[in-house]
Ligand code: UDP
């Protein structure tokens, strides 16, 4: 089976590509390399293209004759999206529609889509269920929710199937040590904490200590990137075999506060990690914890890395061996 992976040179995309290749799939990565790394995808076909280039995307689909798409290409920073809703809607929604239309034109009927916990906004209940209200607090979440709705209507009208995976906080790296998380600029908590442990940064800012949580800092549900990769492949197989569409949360079902993450990182690295308390970051809900019961039951997905020490150790292996990321 041949899979097109837009955004395959990014963090989650590249880890999924390794797993797809490992399991015998043929893979074509499409990436504009604005954030992705060419070196993260050495072992498959690669095409540099931007989803906003409608004609090129159509030609790629025409040429490569893929059976399905796993779509990661998107802008994905909450803070940035608050300042640039224009580029978030253009890239994530218009770009995504170009991809869907190219799929339609070339008779590709299956798409797995990277969505996010940010589609829920400030949750009413914890853990969050797929059926809970979706009221995004930021443009990033809104663009992902919009695309989910577009896929639903494309299914109705054009008989295309989708699998939406709403990720919570992704962390960790591939066990080979060859690929890992490398964003520029880096904004995510775990890589920044580990860069502080490495002495690349003097201190880590704690965004808000007055949330309504046990220690006043935000609580998140961290999931290992390879568990996520596994879920994409299970979702793909289920969709193609049963011609079914669905929406699934992906998390570990356990919450850790910003302060707890920093403490675990101190334990894992054995290093001092200095913190500076600052104001809240705009757009951040206090607590996000997934219920992943639906995917565990429906697709028999089971996270292999449920322990937070193991997840942070895996990220530490990558960061300590590659302090400058992909160079
Ligand atoms: N965070 C923080 N300091 C940082 C980066 C993040 O305190 O330098 C907090 C952030 O406010 C959130 C949590 O860490 O509560 C996880 O943020 P991240 O950006 O890693 O992921 P997000 O939740 O935005 O997907």
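The values are calculated or read from the model by the stated rules, or taken from the named source; none is laboratory data. Not measured: the values here are computed from a predicted model. FYI the Cβ positions are ideal-geometry reconstructions off the backbone, even for glycines, and counts take in every protein chain you see.
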Is it the case, given these coordinates, that residue 207 is touching a helix residue (DSSP H, G or I) at 6+ places or on another chain (Cβ under 8 Å), without any contact (Cβ under 8 Å) to a residue 60 or more places away in the chain and within 16 Å of the ligand (Cβ to nearest atom)? no
Can we say residue 90 is surrounded by fewer than 16 Cβ atoms within 10 Å (Cβ to Cβ) and modelled with pLDDT of 95 or more? yes
Going through the range 246-284 one residue at a time, which ones are within 14 Å of the ligand (Cβ to nearest atom) and assigned to a helix (DSSP H, G or I)? 258, 259, 260, 261, 262, 263, 264, 265
Could you please find all residues in the range 187-204 being more than 6 Å from the ligand (Cβ to nearest atom) and within 18 Å of residue 224 (Cβ to Cβ)? 190, 191, 193, 194
Those residues that are touching a helix residue (DSSP H, G or I) at 6+ places or on another chain (Cβ under 7 Å) and closer than 23 Å to residue 116 by Cβ, I need them from the range 259-283; list them, please. 261, 281, 282, 283
Looking at the range 184-200, I want the residues that are under 11 Å from residue 269 (Cβ atoms) and have a partner that is within 8 Å of the ligand (Cβ to nearest atom) with Cβ atoms under 6 Å, at least 6 apart or on another chain. Which pairs are those? 193/204; 196/204
Buried (at least 22 other Cβ atoms within 10 Å of the Cβ) and assigned to a loop (DSSP other than H, G, I, E, B): does that describe residue 143? no
It is to be established whether one or more residues within the range 14-28 are buried (at least 19 other Cβ atoms within 10 Å of the Cβ), assigned to a strand (DSSP E or B) and in contact with a strand residue (DSSP E or B) (Cβ under 9 Å, 6 or more places away or on another chain). yes
Would you mind stating whether residue 311 is within 16 Å of the ligand (Cβ to nearest atom), touching a helix residue (DSSP H, G or I) at 6+ places or on another chain (Cβ under 7 Å) and at pLDDT 95 or above? no
